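Student: Got a structure for you, written out below as structure tokens; questions coming shortly.
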Amino acid sequence: MELIIAASKNANKIREMNEITAKLGLHIISRDEAGLPDVEIEEDGATFEENSFKKANEIMKLSGHIAIADDSGLEVEYLHEAPGVYSARFAGEDASDEKNNEKLLSLMEDLPYRDRRARFVSVITMVWPDGRKLVARGECEGHILTEPIGENGFGYDPLFVPDGYQRTFAQLSAEEKNRISHRAKALTRLAEMLKGKE
């Protein structure tokens with residue numbers, strides 16, 4: 001198995017990645033598991049692509065290994081695509097998922113369902129020590145509910161109902177979510193690109 005170091009410290013993201021990439025012979029470990037120093041990588045890019053590349057490139061330079069980074073977030077049409085790249089810190093720098101969800105709901109109060117369109121976006125970048133890189137983007141369209149429902153998932157999952165479903169991401173099983181999520185689509189695209197490189 002080829003070892004790849006993830007820029008993320010988010011165990012949920014790494015688990016989702018591994019569930020999809022394991023069948024490609026790739027094993028992703030966190031930067032902590034790789035024993036890398038706990039450097040703060042400032043996510044100051046204006047796009048998911050910029051942040052994703054910056055994180056992967058920093059980890060590759062630190063480790064000398066292939067590195068992978070995901071930058072993802074929620075874009076709400078009514079809020080002019082906010083929170084976007086600020087999704088994780090929407091309610092402040094160290095905001096919890098609950099605080100971010102509360103802020104989002106307060107900004108969309110009394111909005112009818114048809115106007116609550118949103119999409120999850122994931123951009124995954126893989127960087128090699130020899131300078132090669134692959135960038136894959138995935139999107140999942142849906143709507144935002146008026147209250148959180150479901151115990152699975154993380155982030156905005158309890159508020160997001162993907163198109164064609166009656167349940168939120170937080171109500172879907174890992175298998176169901178991994179078939180349709182933005183991250184799954186980005187990873188599937190990345191897998192296709194990797195196969196093309198072989």
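Student: Considering every pair of different Cα atoms, what Kirkwood radius, in Å, is found for region 1-73?
Tutor: One decimal place: 12.3 Å for the Kirkwood radius.
Student: Using Cα atoms only, what is the angle between the long axis of helix 97-107 and the major principal axis of the chain, expressed in degrees (0 to 90) to the nearest 10?
Tutor: 40 degrees
Student: Report the residue, chosen from HIS182, HIS80, HIS27, that carries the largest GNM mean-square fluctuation when the chain is represented by alpha-carbon nodes joined by springs under 10 Å.
Tutor: Per the Cα network of the chain with a 10 Å cutoff, HIS80 tops the list.
Student: Could I ask something else about it? Tell me what the chain gives for mean residue ellipticity at 222 nm when only DSSP H runs of n ≥ 4 count, each as -39,500 (n - 2.57), the sum divided by the residue total, rounded to 500 deg cm²/dmol.
Tutor: -9500 deg cm²/dmol
Student: Per residue of region 175-188, what does 6.51 cos²θ - 1.76 cosθ + 1.60 with θ = phi - 60° give for ³J(HN,Hα)? Whole Hz please, x for Gly and Pro, Karplus curve as stated.
Tutor: 5, 5, 4, 5, 8, 10, 5, 4, 5, 4, 5, 5, 5, 5
Student: Once you have the Cα-Cα distance between THR47 and ASN12, take 0.36 nm times their residue separation minus that, and quote the gain in nm to one decimal.
Tutor: Length gained, THR47 through ASN12: 10.4 nm.
Student: Report, in degrees rounded to the nearest 10, the 0 to 90 angle that the Cα long axis of helix 48-63 makes with the longest principal axis of the chain.
Tutor: Between helix and principal axis, roughly 30 degrees.
Student: OK, next. Using the 10 angstrom Cβ neighbour count as an exposure proxy, how do SER52, SER96, SER72 rank, fewest first?
Tutor: Listing SER52, SER96, SER72 from fewest to most nearby Cβ atoms yields SER96, SER72, SER52.
Student: Taking N as the number of residues in the chain, what is its alpha-carbon radius of gyration divided by 2.2 N^0.38 Å?
Tutor: Working it through for the chain, the quotient is 1.01.
Student: Please work out the FRET efficiency for the pair PHE154 and HIS80, using the Cβ-Cβ distance as r and a Förster radius of 25 Å; give the result to the nearest 0.05. Walk me through the intermediate numbers first.
Tutor: Numbers: r = 25 Å, r/R0 = 0.99.
FRET efficiency, PHE154 to HIS80: 0.50.
Student: Taking 28 Å as the cut-off for C-alpha to C-alpha distance, list the pairs among LYS23/LYS103; LYS23/LYS99; LYS23/LYS177 that go past it.
Tutor: In this structure, LYS23/LYS103; LYS23/LYS99 exceed 28 Å between Cα atoms.
Student: Could I ask something else about it? Kirkwood hydrodynamic radius of region 95-198 from all distinct Cα pairs, in Å?
Tutor: Over region 95-198, the inverse of the mean reciprocal pair distance is 15.0 Å.
Any read-out appearing in this document is the output of simple, stated calculations on the displayed coordinates, not a laboratory observation. Since this is a predicted model, take the numbers as computed values, not measurements. Counting neighbours? That spans all protein chains shown, and the Cβs are built from the backbone with ideal geometry, glycine included.
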